Each structure stands twice: as structure tokens, then as C-alpha cells.
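The next block holds one structure in the form of C-alpha cells; read it before the comments.
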Amino acid sequence: MNPVPPIAPNPPVDQAPPAPADDLDRLRPPEEARATVLAFARLLPAETVPLAAAAGRVLAEDLVADADQPPFAAATMDGYAVMAGDGSPWREVIGERMAGRVTEVEVTPGTAVRITTGAPVPLGADAVVRVEATEPADDHVVIHQDLVAVGENIRPVGFDLRTGERILPAGTVLGPAEIGLVAGVGLDPVPVRRRPRVSVLSTGDELVEPHEQPGPGQIRDSNRLTLVAALTAEGAEVVYAGHAPDDRAALRALLDERLAVSDVVVTSGGVSMGQLDLVKALLGELTTVRFRRVFMKPGKPLNFATFGPDDRGLFFGLPGNPVSALVGFEIFVRPALSVMAGRHDTERPRVPVVLVRDTPVGDRPEYQRAVVRVGHDGRLLAANTGVQASSRLASFVGANALIVVPPQTEVGSNVLPAGTVVEALLLAPPLGPDAA
Ligand code: AMP
Ligand code: MG
């Protein structure tokens, strides 16, 4: 395997000059906001890791087979290696070949060698007769098969992989089959992208830990663990997950510390219009803010900023409401992480779905949580998960899609009737037609 090449510096990003201050608060369409985020998402450097620890990682290079597989012609059945052209059904058994044990033996006319699956076919033999078609008779075997074809039950050299064949392209996520392929050709350790280092920070004086009993006016912090789970599922390395009070000095100190050591910082809360929405206030001092508001529901007050050398660091100031935070993660953070990790499947599948019931329409494009299933006619059917309030995290439970419901201004009504086709982002495979 070639050593991992040093990663070329990214070209400067077009949008690198900060957006004019009066543009930051413009309500921009989600597509425009996503394009801004992705323009700043840069490929992370490569590293090599032991193959045994590489599951879920993203390949940093194309992998090429450096030898044929199998490296020898191998039996694909337990049976007898023979010469196909031999006339007589009787063969003298002159030896055996078992997988992993190569004995010196050569098949000649009138003879056979007992062989197991995966063993190298002995010299002279050009077919393997499976054991079910034979019958032992002392030191002979009787073949109960009229015709034995040349090559029968033999896997030739290079049948599975040829020398020089590309096994996997860079950008592949190493799942079980991919790990096995790489193991088979002996590429251990394997070159992968470094995982994005992410810090997660909840903000708000009202928050207590999940194991604590909330006092008057307090609630438990649910966003931090939600975001840690979402980040981990995307292969990020969560280097810190903590909580900051609504105190300017304390928040500033914590942000300073996290910005210095993270590829990505994700906060929740503190980005809307309240006087203690300090994340928003501090971002202007610590980072280069790129946008503050997106024309979408939920998740309008979503702050995106860049930091560090070459603006390589990405800062996502997600709104505090739990559904807004998770939708914001899905639409902006997740795609950025997959670009940084060099994945070639950076986007969720977008598919047309049929609404199965009348669906309310809001004043902004809305990402409603929905269950998508395959209908009996093969079309995809979508039902939203009930009340879509941005505080109601239960609306995400069991959802396998976000359906994109256009705003009233486009629909011309406050409801989309059942039967309307909308776009869905699939977060997981659709359910089968008969799933409960
Ligand atoms: P904020 O964006 O800080 O104004 O918060 C908006 C709403 O989300 C408020 O009701 C907060 O109490 C709630 N909230 C903020 N952070 C969290 C969190 N980490 N977990 C659960 N709810 C939160
Ligand atoms: Mg708050």
C-alpha cells in the first residue's frame, strides 16, 4: 500500500470575506444556507488505523488489489479432483488435499484426489466431482455422474479479484463487507480520514443534568445527549460535551477553550432575540459569522460561523428548542461532517412521497417529522408524526423522514390535502407495507 499522501491545502473559499453586517440577519432559504456551510466544510487529513479499529471509518484512498484472489485454483465443493476427460467411472484414490494443507500429489488418468472446499486443485486435475455424486469403494471411488465438465467446481485464479483491480474507492464507509474485502487483500493498517473533533455545549440557566431533579423554572438538558448521539452516529469524535450558564464571562471562557481545540463546535440555545441570548452576541467577537437566520421551520434562528486558521473551524449555534436543534443538525451539521470526513454519500436520499392525510402548512418551509412506508402499489406514503411543535421531541420518535412542506405563500392555503406529493429526506429506510 502507498503511504498516505499529505493532504493538499484547500483552495481559499470564495465567501471567505465576512458577509456584510446587514446581510447576516437576512432570512435566507435553507438551500442557500446549506451551500454556505458546505463551501466552508473542508476535507480532514488522512491517518492510518489498524483494520480491526476501522469499522465505520471513511477510506482516504482508493484501494487496489495487489494480488489475485484466490491466489490458486481452488475447489468450491468437497469431493474428488479428477481429469474431466477420463472415461471410466472408477478412479483410484491416490491422496488428499485439504484446505490449508498442501500435499505433493498429481492426478493422472484413472486416479482421483480427495479434496475439501478451498483446497488448491492438484496438478493434473481439471474438475472436482462433488462428494454427493460419488461412492467410496475400498481404495477407489465410483463417480455417479454421466458428464464431468472441465472446470466444474473449480474457482480459477483471480476469480474474485484481479491484481490491479480497484476494490473500493476513496470515500467509502467501511462496513462489514468492506472490512472483510480489505482484510482479504491484507491492507492493514488502512488509510482513513481523521474523524471530525466536535465540542457540544448546551446553554441556559434553566438547565439541569438528566439525573437531577429540576427546581422551580428549571428543565433537564436534553439537547446535549441528543446531539452527542447524533454526532456519534455520524462518526464524529465528541471531544467535549458540557453546559454553560447564561453568563457572558463564563460562556466566553468556555467558547474560547473549545474553539482552540475543535474542528466543529455545536451549541444549543442562546441564539434568538432574548437579552440573555449570549451565544449570538459572543459569536461576533470570537468568530466570523456567516449567517444568523434561515427561512425554515423549525430552526429559524440558526447561527453559522467559521473560526481558526483559514476558517477551517465550523460553528453551529443551533436553537434551544429540542426539535429545532435536531432538525438543524440534520440539515446543516450532518452534511458538513460527511464532507469533512470525505464520504461520497454526503446527502440523504430525497424522494417524492404521497401525503396520506391533510397536512397543515406554515408561514415558512417546514421540515415535518414523518413516517414513510411503501404502499401496496409501490409508491411511498408519508404521515407526519402529529403535533409538530419545536419543543415536542416526541415528534421525532419513530420518524424515518423529514417531509418538506412548502409555505402558505406557495401553497395558497393553510393545508395540503391528502394525496399531495411532497419531497422527503429519508433518515432511515421506509417501512414495509404491512409494518405496524
Ligand atoms: P433558547 O434558544 O435558549 O431561547 O431556548 C429555547 C427553548 O429551548 C427554551 O424553552 C429552552 O428552555 C429550551 N432549551 C434550551 N436548551 C435546551 C436543552 N439543552 N435541552 C432542552 N431544552 C432546551
Ligand atoms: Mg436560552
Within segment 281-291, the count of residues that are within 13 Å of ligand 1 (Cβ to nearest atom) and modelled with pLDDT of 95 or more comes to 0
Of (1) under 27 Å from LEU44 (Cβ atoms); (2) away from ligand 1 (no atom under 12 Å from the Cβ), LEU302 fails just (2)
If we ask which residues in segment 250-275 are under 27 Å from PHE396 (Cβ atoms), more than 14 Å from ligand 2 (Cβ to nearest atom) and not basic (Lys, Arg), their number turns out to be 5
Those residues of segment 190-206 that are within 9 Å of ligand 1 (Cβ to nearest atom) and either out of contact with any His (no Cβ under 6 Å at 6 or more places or on another chain) or within 18 Å of ALA336 (Cα to Cα) (or both) come to a total of 3
Among ARG350, ARG369, ARG334, ARG373, the single one that is within 30 Å of MET273 (Cβ to Cβ), of a type outside the set (Ser, Thr, Tyr) and in contact (Cβ under 8 Å) with a residue 60 or more places away in the chain is ARG334
VAL387 fails exactly one of (1) in a loop (DSSP other than H, G, I, E, B); (2) farther than 26 Å from ARG293 by Cα, namely (2)
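Quick grid of which residues meet (1) acidic (Asp, Glu); (2) out of contact with any Gly (no Cβ under 6 Å at 6 or more places or on another chain); (3) surrounded by fewer than 16 Cβ atoms within 10 Å (Cβ to Cβ):
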residue	(1), (2), (3)
LEU27	no, yes, yes
GLU32	yes, yes, yes
VAL58	no, no, no
ASP66	yes, yes, yes
TYR80	no, yes, no
THR117	no, yes, no
Item to complete: Say whether the condition of being at pLDDT below 95 and either within 16 Å of ligand 2 (Cβ to nearest atom) or not hydrophobic (A, V, I, L, M, F, W, C) (or both) is met by at least one residue in segment 304-311.
Response: no
TODO: Might you let me know whether segment 392-410 holds any residue that is touching a strand residue (DSSP E or B) at 6+ places or on another chain (Cβ under 7 Å) and of a type in the set (Asp, Glu)?
DONE: no
Filter segment 312-344 for residues that are among the charged types (D, E, K, R) and over 21 Å from THR287 (Cβ atoms); the one that is farthest from ligand 2 (Cβ to nearest atom) is ARG343
Looking at the structure I just gave you, is ALA249 at pLDDT 95 or above, surrounded by fewer than 21 Cβ atoms within 10 Å (Cβ to Cβ), away from ligand 1 (no atom under 11 Å from the Cβ) and closer than 30 Å to GLY362 by Cβ?
no
Any chance LEU187 is more than 16 Å from ligand 2 (Cβ to nearest atom) and within 32 Å of the chain's Cα centre (by Cα): yes
Residue count, segment 307-366, condition among the aliphatic types (A, V, I, L, M), crowded, with 24+ Cβ neighbours inside 10 Å and closer than 16 Å to SER390 by Cα, comes to 4
Whether any residue in segment 276-283 is over 23 Å from LEU207 (Cα atoms), in contact (Cβ under 8 Å) with a residue 40 or more places away in the chain and either of a type outside the set (Phe, Trp, Tyr) or within 16 Å of ligand 2 (Cβ to nearest atom) (or both) is what I want to check. no
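The values are calculated or read from the model by the stated rules, or taken from the named source; none is laboratory data. On a predicted model such as this, the values are computed, not experimentally measured, just so you know. Cβ: placed from backbone, ideal geometry, glycine included. Neighbour counts: every protein chain shown.
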